[in-house]
Amino acid sequence: MNRIRAGRVVGWVVLGLFLLITLFPFYWMLRTSFSTNGALPSHANSFLPAETTVDAYRRVLGLSSVNEALRQGGSTATVNFWLYLRNSFVVAISTTVVQTFFAALAAYAFARLRWPLRNFVFTLFLAALMVPPIFTTLPNFVLIRDLGLLNTFLGIVLPNLLMSPFAVFFLRQFFLNISHEIEEAARLDGAGHLRIFFRIIVPMSAAPIATLAILTYVAAWNDYFWPLLVGQDENVRVLTVALGIFKAQTPNGGPDWAGLMAATVIAALPVIVLFTLLGKRVINSIQFSGLK
């Protein structure tokens, strides 16, 4: 009994250490965002904000003038935060809705329908998971350019819009666990495949579909390289790209670290809220689907 208790204590200690290591970068980001740029070099080893202030958030939200920003230790670099935030929402939400819908349709076809070479086609489909995304970046860019979709929202979302191998595999694992008796009873009542899908499969799979939507949303929200390639125009520039450009704008010789961290904190809030509210559902759905 003592060994079991000792092992449990050690396990909780190790888990706590990993938790601290994971959360420390976010805490340091918060600490920097509430500091002043002028005081940061002299308080580099302090765990508390250097001259606590919310001026960085005022600069990011456009509540400070250029002169005020310079007096606060910031730079003349600016970020059209609300425009870039809107663009990120447009890209993330459109990708999430369309990809989740078509991935669910494909997963239903692979899990519930019987057709020739189904398993072989699914194996080929899963083989795409072994192809590094960097290998498809250049062909996708050439295609988007030839279609005249550079600097458009459609050009940003199109490569990931319809489905992804992971999304189809994730939902297929859950669809396989749904009882066939329910589906057969629906067929006896005259239901077709579309009615079965929308009236039975989707309601019974609300949790994993919501989980997939969350994972897709987070991936689309955090994407940087592809939006940087095809969405350089300010009207379609997403927040991740805008933050990188903001950091590079150094007219005073150094980045506005406090302002950059404040913008990063605000940009991360939607994802943090999602995982805070729905994190348990994500974990339960992944375990139930057999992805361990």
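With a cut-off of 8 Å between alpha carbons and a minimum separation of six or more residues, what is the relative contact order of the chain in percent?
Relative contact order here is 29 percent.
Among 140, 87, 37, determine the one that fluctuates most according to a GNM of the chain built with springs between C-alpha atoms less than 10 Å apart.
In this elastic network of the chain, the residue with the biggest mean-square fluctuation among 140, 87, 37 is 140.
Report, in deg cm²/dmol and to the nearest 500, the calculated mean residue ellipticity at 222 nm for the chain, where each DSSP H run with n ≥ 4 adds -39500 (n - 2.57) and the sum is divided by the residue count.
Value at 222 nm, helices only: -21500 deg cm²/dmol.
Just going by the charge dipole of the chain, with Lys and Arg at +1 and Asp and Glu at -1 on Cβ, which of 90, 206, 42 is farthest out on the positive end?
Going by the charge dipole, the pick is 206.
If you take the square roots of the eigenvalues of the alpha-carbon gyration tensor of the chain and sort them as a ≥ b ≥ c, do you get rounded (a/c under 1.5), prolate (a/b over b/c) or oblate?
Oblate, because a/c is 1.5 or more while a/b does not exceed b/c.
Could you work out how far helix 133-146 tilts from the main Cα principal axis of the chain, as a 0 to 90 degree angle to the nearest 10?
Value to nearest ten degrees: 90.
If the elastic network links every pair of Cα atoms under 10 Å, which of 11, 148, 38 fluctuates the most in the Gaussian network model of the chain?
Most flexible of the set in this elastic network: 11.
Any idea what angle helix 206-222 forms with the longest principal axis of the chain, computed on alpha-carbon atoms, 0 to 90 degrees, nearest 10?
40
Springs between alpha-carbon atoms under 10 Å, Gaussian network over the chain: tell me which of 40, 19, 147 tops the mean-square fluctuations.
Most flexible of the set in this elastic network: 19.
Going 7 Å from the Cα of residue 135 in the Cα-to-Cβ direction, what parts of region 88-124 have a backbone nitrogen less than 17 Å from that spot?
Inside the label zone: 123-124.
Heavy atoms of the protein only, probe of 1.4 Å, neighbouring chains included. What is the accessible area of residue 238 in Å², nearest 10?
Here the residue's solvent-accessible area equals roughly 10 Å².
State, as an integer percentage, the relative contact order of region 105-222 based on alpha-carbon contacts under 8 Å between residues 6 or more apart.
Taking the mean separation of contacting Cα pairs over the length of region 105-222, I get 34 percent.
What does the convex hull of the Cα atoms come to per residue for region 131-271, in Å³?
Enclosed volume per residue, from the Cα hull, is 157 Å³.
Measuring from centroid to centroid over Cα atoms, what is the spacing of region 92-169 and region 171-210 in Å?
23
Whenever you get a sec, compute what percent of the accessible area on region 1-61 sits on carbon and sulfur atoms (1.4 Å probe).
About 72 percent, which is the carbon plus sulfur part of the accessible surface.
Tilt of helix 118-127 relative to the longest C-alpha principal axis of the chain, in degrees (0 to 90, nearest 10)?
Value to nearest ten degrees: 20.
Would you work out if region 1-65 is rounded, prolate or oblate? Take a ≥ b ≥ c from the square roots of the eigenvalues of the alpha-carbon gyration tensor; rounded if a/c is under 1.5, else prolate when a/b is larger than b/c, oblate otherwise.
Judged from the Cα gyration tensor, region 1-65 comes out prolate (a/c at least 1.5, a/b above b/c).
The values are calculated or read from the model by the stated rules, or taken from the named source; none is laboratory data. As the structure is a computational prediction, the values presented were derived from the model and not from experiment. Note: ideal-geometry Cβ built from the backbone for every residue, glycine included; neighbour counts use all protein chains shown. Remember, those area values only see protein heavy atoms, side chains included, never the ligands or the DNA or RNA. Shrake-Rupley method; radii C 1.70, N 1.55, O 1.52, S 1.80 Å.
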